[in-house]
Amino acid sequence: MGDAGFEKILFTIIYPLFVIGIIISSVITLFYRIKKKKRMSVGVLSHWAENYGLRLSMAGNVFKSVDRLAANRGKDYYKARQVMDSRDDGPFLEGKYKNRKVWIYEIVGEAVPGSGVGTSRTYVNQKENYLLGIPFSSQKTHDLKRVFYGWCFEFSTHTIPFHLLVSRRFLEGEDKMDTESGQFERDYDINKDAGIQGLQLLDPVMMELIYNSKIASVEFSDSSVVLCYTQPQMDYEVMDNIMEYGVKMAEQVDRNFPLDK
């Protein structure tokens, strides 16, 4: 047998082993990430996404998440731009639901003192990391910060000409806007004074939707509304609830601001 024949046989044996090794390595890596961060299982997400006609990608989604944060410069995302880095390559779902664009992705945000959610991890202290469009600072420090692992459910809307964050009490700071609902004021904080336009958005219908949704926070800005869930795992009932109320809130935004500007 010549050298060419021997090399062909060797390639035939080694190449499949190499491919199998890559597959096994990828599965182990994904399993480790799921176990380490207590992520939702592939089965749960796949089954749920299929029911809603959404595309699911379990890994390799860093830049997809970056694109969403870049498209929503008006949103704070619980300081995710300072906290998230290349470790945070979580599942990403996208598609349309009731003729509304939907994006669902993991979020790592800074836990607010007194909120009762979150865990501690080391991160690079910087104004904004390179994955989100700003280079690393030449002077970097590694700090221990309390963060939470949660989810963003984003729904497209008409253009919202301001930023407004509504969150359950103990998740955010002092309330800075008065509404007409005493019950809403007791349970939610509104951390941005958007003036008359903010009150136009937070009409009785919108406040009732937010209140009944029982979501941790709702953030309005740019061309979407984001509902944030501040735990790493959810069940079908929670996901279904967020989808239904998210679409209703997006529809109400479009009613309150009927024209793109």
(message) Cut-off 18 Å, label point 7 angstrom out along Cα-to-Cβ of residue 50: give me the residues of segment 225-261 whose amide nitrogen falls inside.
(response) 236-237, 240
(request) Just subtract the alpha-carbon distance of residue 254 and residue 85 from 0.36 nm times their residue separation and send over the number in nm, one decimal. (result) 57.5 nm
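Throughout, read-outs are computed from the coordinates displayed, never taken from laboratory work. This structure is a prediction, so every number in the text was calculated from the model and none was measured. Using ideal geometry, Cβ is built from the backbone for each residue, glycine included, and neighbour counts are taken over all protein chains shown.
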